[in-house]
1. Assuming TYR146 fulfils every condition listed in (1) more than 10 Å from the ligand (Cβ to nearest atom); (2) closer than 30 Å to ALA37 by Cβ apart from one, which condition is it?
2. Determine which single condition ASP160 fails, assuming it passes every other condition in (1) in contact with a Ser or Thr (Cβ under 8 Å, 6 or more places away or on another chain); (2) farther than 27 Å from THR270 by Cα.
3. Any idea which residue in region 73-91 is surrounded by the most Cβ atoms within 10 Å (Cβ to Cβ), counting only those that are among the β-branched types (Val, Ile, Thr) and more than 15 Å from the ligand (Cβ to nearest atom)?
4. Look at region 194-218 and say how many of its residues are within 9 Å of the ligand (Cβ to nearest atom) and polar (S, T, N, Q).
5. Take region 220-232 and flag every residue that is touching a residue at least 40 places away in the same chain (Cβ under 8 Å) and either within 14 Å of the ligand (Cβ to nearest atom) or more than 22 Å from the chain's Cα centre (by Cα) (or both).
6. Mind checking whether some residue in region 247-261 is within 23 Å of THR50 (Cβ to Cβ), hydroxyl-bearing (Ser, Thr, Tyr) and assigned by TED's automatic domain parsing to the domain that holds ILE178?
7. Being farther than 22 Å from ALA293 by Cα and either under 18 Å from the mean Cα position of the chain (by Cα) or surrounded by fewer than 11 Cβ atoms within 10 Å (Cβ to Cβ) (or both) is the filter here, so list the residues in region 3-20 that pass it.
8. From (1) over 30 Å from ALA253 (Cβ atoms); (2) touching a helix residue (DSSP H, G or I) at 6+ places or on another chain (Cβ under 8 Å); (3) surrounded by fewer than 24 Cβ atoms within 10 Å (Cβ to Cβ); (4) not charged (D, E, K, R), pick out the condition that doesn't hold for VAL123.
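The values are calculated or read from the model by the stated rules, or taken from the named source; none is laboratory data. Fair warning: this is a prediction, and the values are worked out from it, not measured in the lab. Here Cβ is always computed from backbone atoms with ideal geometry, including for glycine, and neighbour counts include all displayed protein chains.
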Amino acid sequence: MKPDIYPRDDYDDLGRYLPDRSPIAADLGDNRNLWGAHPAALAVMADAGTAVASEYPDSYADELAAAVAAKFGTSPGNVTTGAGGTGVLDALMRAVAPTRMRFMDPGWPAAGMLARMNGHEPVPVEWERALEDPIRFAGSQPCIAYIANPGNPTGEAVPDDWIRAVYKHTEAVGSVLIIDEAYGEYHRSRDDLTPFEMALEGERTLCVKTLSKAYGLAGMRAGYGVGSESLVLEVDKARGPFVVSGVTSKAAAAAVSSDSPWLDETIAETRVNRERLIDRLRQRGYSVPASAANFVFILRPDDRLEPETRQLESCGVRVRPFAGTTARGSGLRATVAPWDRMQRLLDGLDLVAAGRA
Ligand SMILES: Cc1ncc(COP(=O)(O)O)c(C=O)c1O
C-alpha cells in the first residue's frame with residue numbers, strides 16, 4: 001500500500017524542470033536578455049574576493065533590499081528578496097496556507113508548478129473571460145490571484161485599471177495578489193511605478209520582479225518583491241536565510257542603482273526588433289499577438305508544435321513550444337534578440353514552411 005506521507009499525492013503531476021541547454025547558434029528559448037549582462041553587476045563580480053566567497057552573506061540580502069527600497073522611495077522592510085523571481089514566488093506561495101491559485105490562461109506554466117509545490121490548486125481562468133470581469137477572475141473566496149504583466153507565453157499586457165479592480169477586490173476579500181512584473185521594463189516607461197505603488201498601498205499584494213530578464217542576470221538568480229511590511233515579513237519567514245549569495249546581492253544592488261545607459265539602450269533595441277520581427281512574421285501570414293515583452297508568440301496548431309520546434313533546431317534556432325488549453329495558448333515562443341538571430345529565425349521558419357528544414 002502507498003505510504004501516507006511519501007511520496008506526496010499532490011506531486012504526482014510534477015517532474016523536474018529541464019529545459020534544453022545544449023549549445024545552439026540562436027537560443028531563443030528562455031527570454032533572457034540576449035544583449036548580455038548589466039555592466040554594473042559584471043564589475044562587482046570581477047572585483048569579488050575571498051571574503052564574499054568564504055563569509056556568510058546577509059541573511060536577507062540587505063544590499064539588494066536597500067537598493068530596491070531606494071529605487072521605490074520606501075523602506076527595506078517593504079522588500080523581500082530571493083533566488084530569482086521564482087524564489088520570491090515560491091516563498092510567497094509557501095507563506096500562504098493551502099488554497100487555490102487563480103491565474104489567467106494562457107499563463108506561465110511555472111506558476112502552476114510553484115502553486116502545486118506549495119500545496120495550492122492551480123485554477124485557470126480563460127484570458128478573455130478574465131479580462132471581461134476582474135471580480136470573476138479574482139473569485140469570491142480568499143485565494144491567491146496571480147497576474148503576470150506582460151503575460152507569458154503570449155507577451156500580452158493587461159490594463160492597469162483592470163489590475164487595480166482585481167487588487168481592490170483581493171484586498172477586500174482577504175486574498176493574496178501577486179503582480180509578476182518579470183518583463184515590466186519592456187512594457188512600462190522607466191518612471192511608471194504603478195504596480196509597485198499599488199502593492200505598497202495594500203496589505204496583501206506583492207509586486208514581484210526578476211533581474212533575469214532586462215538586467216541580463218539570469219545566472220545570478222536575483223529577484224525581489226515589494227509589498228506591505230507585514231506581507232514581506234511573512235514571505236521572509238517562509239523563505240529562510242542565506243538564499244541569495246553575497247555576490248548576487250551586491251551585483252544586483254549595483255545594477256538596480258546604476259545610472260548606466262545599458263539598460264535603457266538594450267530595452268530600446270529589444271522593442272525595435274520586437275516590432276520589426278512581429279511585422280515580418282505577420283507579412284509571412286503568421287498570427288502573432290501584440291507583445292509588450294522581450295519575446296513574441298507565434299500561434300501554431302498543436303500538431304505542428306513538436307515537428308516545427310525540431311525542424312527549427314536543425315536550422316540552429318531554439319524556440320519554446322507551448323501547447324495551450326485553447327488555440328490562443330498554442331504556439332512557438334521566441335525571445336527577441338539582436339537582429340542576426342531574428343533573421344535566422346525568419347530564415348528557419350521559411351525553410352520549415354517550404355518543407356526544406
Ligand atoms: C512570468 C515570469 N515570472 C517570473 C519569472 C522568473 O524568472 P527568474 O526565476 O529567472 O527570476 C519568469 C521567468 O521565465 C517569468 O517568465
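1. (1)
2. (2)
3. Kept after step one, since they are among the β-branched types (Val, Ile, Thr), are these residues of region 73-91: 74, 79-81, 86, 88.
Those still in the list that are more than 15 Å from the ligand (Cβ to nearest atom) too: 74, 79.
Values: THR74: 18, VAL79: 27.
Here the answer is VAL79.
4. Number satisfying all stated conditions: 2.
5. Within region 220-232, the subset touching a residue at least 40 places away in the same chain (Cβ under 8 Å) is 220-229, 231-232.
If the condition is that a residue be touching a residue at least 40 places away in the same chain (Cβ under 8 Å) and either within 14 Å of the ligand (Cβ to nearest atom) or more than 22 Å from the chain's Cα centre (by Cα) (or both), then MET220, ARG221, ALA222, GLY223, TYR224, GLY225, GLU229 are the ones that fit.
6. Yes, region 247-261 contains at least one residue that is within 23 Å of THR50 (Cβ to Cβ), hydroxyl-bearing (Ser, Thr, Tyr) and assigned by TED's automatic domain parsing to the domain that holds ILE178.
7. PRO3, ASP4, ILE5, TYR6, PRO7, ASP9, ASP12, ASP13, GLY15, ARG16, TYR17, LEU18
8. (2)
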